[in-house]
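Asker: Pasting a structure here, questions to come.
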Amino acid sequence: MTGLSRILLARAVQAFTVALLVGVITFLLVRSLPGDIAMRIAAGRYGMDMVSVAAAERVSAELGLDRPWSAQLLEWLWNIARFDLGTSLVTGERVVDSLGVELGHTLLLSLAALGLSLLIGPPLGLLLGLRAGSAADRAGLVAAAAIRALPPFVLGLLLILLFSLTLGWLPPAGFEGPRELLLPALTLALGLAAASSRVARDATALVVAAPYFAFARWKGLSDRQALLRHGLRNASVPLVAYLGMQLVWLIEGVVVVESLFAWPGIGHSLVHAIFGRDIPMVQGTALVMGLIFVVLNAAVDLLCLALDPRRRAGA
Amino acid sequence: MLSRRMLARLSGAALAMPALPASAQPRATLRVVTPWEIGGLDPARSGYIFARMQVAETLVTTGTDNTLTPLLARAWTVSDDGLAWTFSLRPGVTFHDGTALSAEIVAASLRRAQTPPGILSNAPLAAIEAAGDAVRIRTSQPFAALPAFLAHSSTLILAPAASGPDGAVRAIIGTGPFRITSLTPPQGFEAVRFDAWWGGKVPAAGARYLAAPRGETRTLMADTGEADLVFNLPPTAFQRLSRSARVAFVTAPIPRSYILKINAGGFFFGDRRVRQALSAAIDRTGIAAGILRTPDSAATQLFPPSLAGWHDPALPPLVHDASLARRLLAEAGWRPGPDGVLVRDGRAFRVTLRTFPDRPEQPVLATAIQAQLKEIGIAVEVAIGNSGDIPLGHRDGTLDLGLAARNFSLVPDPIGTLLQDYGPEGGDWGAMGWTGPGSADLATTIGTLSRTFDPAAAAALRRRATAILQDELPVIPLAWFIHSVASGRHLAGVTLDPFEQSYRLSDIRFGA
């Protein structure tokens, strides 16, 4: 089997396992949350002022919440096997319809964040790696550590304070166009760039110190030529591999950042679904997030394969 | 924290963004920001959003003088036996899809509104039918508050095309001055002016709704001028925004009160003197000034002054008097125990206070009350859970104390809430285990009031109800709710509807 098909097969198995585990675990987690589930759903549907035992009883009867857990879980699994995510317990809409709209917003935000972080992180890391040990390098380390240590929520508020309140350039929330996209994307991107700049810096420093790089210089290439021909590709392999790991941060960040910036994505919707005990929505959003993770990791694998010929030889 | 290079890059990126649709928006679009997300299109779920944004309309609403005024109904009459109502419809009304409003459509909308648990399912309705250009509603008993019930957002009138074949609402096609052009639940929608509105042409070219659940975000949107009207600001924002040059900050009390729900049927609070002691131990002025940041909101009785006819200025106010509280408790047989906690019949005065964090100030209020009751020898444990814990504790009898904010204007007439809360068996958010002559008297008074059409007789009954509540304290009023809006200073004609029926966007003009 070639490296390519092995990767794809492994990821397909992973996707299946993720779907199964996510469905079962989210179901059990939501059911074990404290509080009466029918009450929460009633509150989500009709508002806090309308929460009453009578409303909760109607909800429970309508949704069959008093059936055994196992029956409800099996029903979801049977539906998912037929690619049916069910309908939201709160809004009554089909989960797949809501996810379709929200996924678009989340993908837009994630890709913008990833793109911005690639514009900021690796070039910065490359420059600092070439000057490893300098004052700028050390300052970069401190800045990266500080940004990474800030939770996305705080980072987002700081950016709003700077760009919206002090400078007045960008709106603090909303989802109409690129102006609204920039701040949430930047919040996520800075966290990503903080880490990727350090990985790029270390990789570059390693490459620059490597014997083959010294050889490239000896055979007469300029610094620039040596970097472009022998440096970038070698330094990019760990960087791309690390990108896969960073996606965890991205998906986690999306949940918080979307809520902060009122961005109508799946992360925001997940938070709401949990508050409203909207089990099909929780399962649907978590499933989509899990699958995005698998797909992006597969993409990272393929990219690494393309970048690094040693992997293609098949170890 | 940000390196200079990064900052330069970022600002470069910001300036290089090509299209700027938001800033290119004509200034005549009203941008409204609130905490409420669109949780489904059925009027029983998020109808209040479409009503307040004036996309869809009800038969009745509240006017600027806080009395019921006609909206889609032109006028209404009731038969002499008080059982048959006729609502004649405003002529020349069309829906956003061009359909003409008819009595059949209204009757169908109202019948649909009876199904979900909500306001209309609590009214004693017998039949709803179209009769020419009027809608006739029969009730099974005289029910004076019916027009107020038809102001509730679950009774919004939508076009037939708004519902799918299964009866579920698929789109909001209303009759209001704003027509939705794009809807993105749960976050918001965009609407343009509906030129064929029966009320004429409104000044704003359109309206945009955005739900921003975080108070910090809303405060910043008001502060930066990215929104024209921002509702429900957190108390922490009051001071900051009232100094802003960009926004005018308006607050008004609305018919909602923070209350302490009491299990009056249990060992601890069955004695009226204990409830009065509890009330006297609470420093409402301190709570209002320190936690809610609105010193005027300390409750002197259950109903706030905005509920004209229910708020009785002549009623002796609830006072803060710790020595009175101690005396009342001693009269009721409570003696200080060895650890300072009161004891009666060998049982220490230890109770649990339940509340929930959906309104972030509630847990803070609960701990303030915990501290204040400790001073008179009552040990309170604060339990923070879900909003459903209080109704559940009411049903299974395990609740001691519950802290919540109760809305008296679910319909613009508090009788709707009172019938739910203070009926013979109390209510999930009202009296619990409260018995005796006062309880029976209040239930009778409210029952009679709901059948009383004569204004003078109704006023006397309302005063009686208020007096019983003040004397018996089946729930303890803490503070009145303050509604807040930050509006851009470039707007004129912004007014607050204390009944939250409408944001009154159709009156707003763009000034300086």
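Where a number appears in this text, it was derived from the coordinates with a stated rule and is not lab data. Source: prediction; values computed, not measured. Cβ coordinates were reconstructed from backbone atoms using ideal geometry, including for glycine residues, and neighbour counts include every protein chain displayed.
Asker: Would you mind telling me which residue in A:277, A:201, A:217 has the biggest mean-square fluctuation in a Gaussian network model of chain A, where springs connect alpha carbons within a distance under 10 angstrom?
Answerer: Taking springs between Cα atoms under 10 Å, the residue moving most is A:217.
Asker: In degrees between 0 and 90, to the nearest 10, how far off the longest principal axis of chain A does helix A:135-149 point, with axes built from Cα atoms?
Answerer: The angle comes out near 10 degrees.
Asker: How many percent of all Cα-Cα pairs in the range A:157-282 sit more than 25 Å apart?
Answerer: Value for the range A:157-282: 48 percent of Cα pairs lie more than 25 Å apart.
Asker: If you average the C-alpha positions of the range A:1-49 and of the range A:241-315 separately, how far apart do those two centres end up, in angstrom?
Answerer: Cα centroid to Cα centroid, the span is 13 Å.
Asker: Given the convex hull of the Cα atoms of the range B:155-283, what is a quarter of its surface area in nm²?
Answerer: Mean shadow area of the hull around the Cα atoms is 14.2 nm².
Asker: Cα to Cα, under 29 Å, and not fewer than 8 places away if on the same chain: which lysines meet these conditions relative to residue B:261?
Answerer: Answer for residue B:261, where 29 Å is the Cα cut-off: B:374, listed by chain and number.
Asker: Could you give P(r) for the range B:237-395, binned at 10 Å from zero, as whole percent values over all Cα-Cα pairs?
Answerer: Computed distribution, short to long bins: 9, 33, 35, 17, 5, 1, 0.
Asker: Now a separate question. Write down the percent of antiparallel bridges among all DSSP beta bridges whose residues are both part of the protein assembly as shown, to the nearest 5.
Answerer: Taking every DSSP beta bridge with both residues in the protein assembly as shown, the antiparallel ones total about 80 percent.
Asker: Per-residue HN-Hα couplings for the range A:122-133, Karplus 6.51 cos²θ - 1.76 cosθ + 1.60 at θ = phi - 60°, whole Hz, x for Gly and Pro?
Answerer: x, x, 5, x, 4, 4, 5, x, 5, 10, 3, x
Asker: What is chain A's relative contact order, in percent, from Cα pairs under 8 angstrom and six or more apart in sequence?
Answerer: Relative contact order for chain A comes out at 28 percent.
Asker: Send over the semi-axes of the protein assembly as shown's equivalent ellipsoid, whole angstrom and largest first, taken as the square roots of 5 times the C-alpha gyration tensor eigenvalues.
Answerer: Here the semi-axes work out to 54, 32, 27 Å.
Asker: Apply the a/c threshold of 1.5 to the C-alpha gyration tensor of chain B and tell me whether it is rounded, prolate or oblate.
Answerer: In terms of gyration-tensor shape, oblate.
Asker: How far is helix A:279-307 tilted off the main Cα axis of chain A, in degrees rounded to 10, range 0 to 90?
Answerer: 20 degrees
Asker: Could you work out how far the C-alpha centroid of the range A:134-207 sits from that of the range B:316-376, in angstrom?
Answerer: 49 Å
Asker: Counting other C-beta atoms within 10 Å, and keeping those with at most 15, which DSSP coil chymotrypsin sites (Phe, Trp or Tyr not before Pro) do you find in the range A:56-88?
Answerer: A:83
Asker: From the phi angles alone, apply the Karplus equation (6.51, -1.76, 1.60; θ = phi - 60°) to the range B:121-131 and give each ³J(HN,Hα) in whole Hz, x where the residue is Gly or Pro.
Answerer: My calculation for the range B:121-131 gives 5, 8, 8, x, 8, 9, 7, 10, 8, 7, 9 Hz in order.
Asker: Using just the alpha carbons, could you tell me how many Å³ per residue the convex hull of the range B:186-230 encloses?
Answerer: So the per-residue hull volume is 88 Å³.
Asker: I've got another one for you. Could you derive backbone 3J(HN,Hα) for the range B:216-225 from the dihedral phi with the Karplus parameters 6.51, -1.76 and 1.60 (θ = phi - 60°), listing whole Hz in sequence and x where the residue is Gly or Pro?
Answerer: Karplus values, whole Hz, x for Gly and Pro: 4, 4, 5, 4, 5, 5, 5, 5, 8, x.
Asker: When a/c reaches 1.5 or more, the comparison of a/b and b/c decides; with that in mind, is the range B:376-512 rounded, prolate or oblate per its Cα gyration tensor?
Answerer: The shape class here is oblate.
Asker: A further question on this structure: Report the Cα-based extents of the range A:33-190 along its three principal axes, largest first, to the nearest Å.
Answerer: 68, 38, 31
Asker: So if a site counts as exposed when it's one of the chymotrypsin sites (Phe, Trp or Tyr not before Pro), its DSSP state isn't H, G, I, E or B, and it has at most 16 other Cβ atoms within 10 Å, what's the longest stretch of chain B without one?
Answerer: By the stated rule (loop sites, at most 16 other Cβ atoms within 10 Å), B:1-266.
Asker: With a cut-off of 8 Å between alpha carbons and a minimum separation of six or more residues, what is the relative contact order of chain B in percent?
Answerer: 20 percent
Asker: Still on this model: Looking at A:192, A:211, A:173, which one has the Cα that reaches farthest to the positive end of the dipole of the range A:172-221 (charges on Cβ: Lys, Arg +1; Asp, Glu -1)?
Answerer: Checked the options; the winner is A:211.
Asker: OK, next. By per-residue mean of other Cβ atoms within 10 Å, what is the highest-first order of B:218-230, A:163-175?
Answerer: Ranking, from highest mean packing down: B:218-230, A:163-175.
Asker: Further question: Can you give the angle from 0 to 90° between the axis of helix B:43-52 and the longest principal axis of chain B, with both taken from C-alpha atoms, to the nearest 10?
Answerer: Here the helix axis deviates by roughly 70 degrees.
Asker: Rounded to two decimal places and with Rh computed the Kirkwood way over Cα pairs, what is Rg over Rh for the range B:292-337?
Answerer: Ratio of gyration radius to Kirkwood radius: 1.15.
Asker: Now a separate question. Rounded to the nearest 500 deg cm²/dmol, what is the calculated helix-only ellipticity per residue at 222 nm for the protein assembly as shown, with -39500 (n - 2.57) per DSSP H run of length n ≥ 4?
Answerer: Result for the protein assembly as shown, helices only: -15000 deg cm²/dmol.
Asker: Past the 21 angstrom mark, what percentage of all C-alpha to C-alpha distances in the range A:104-170 do you count?
Answerer: For the range A:104-170, the share of Cα pairs beyond 21 Å comes to 42 percent.
Asker: Which of A:212, A:46 has the fewest other C-beta atoms within 10 Å, and how do the rest follow up to the most?
Answerer: The fewest-first ordering by Cβ neighbours comes to A:212, A:46.
Asker: Starting from the Cα coordinates of chain A, work out the convex hull volume and express it per residue in Å³.
Answerer: Hull volume over Cα atoms, normalised by residue count, gives 160 Å³.
Asker: Which value, in Å to one decimal place, does the Kirkwood hydrodynamic radius take for the range B:334-449 when every pair of different Cα atoms is included?
Answerer: Across the range B:334-449, the inverse of the average 1/r is 15.9 Å.
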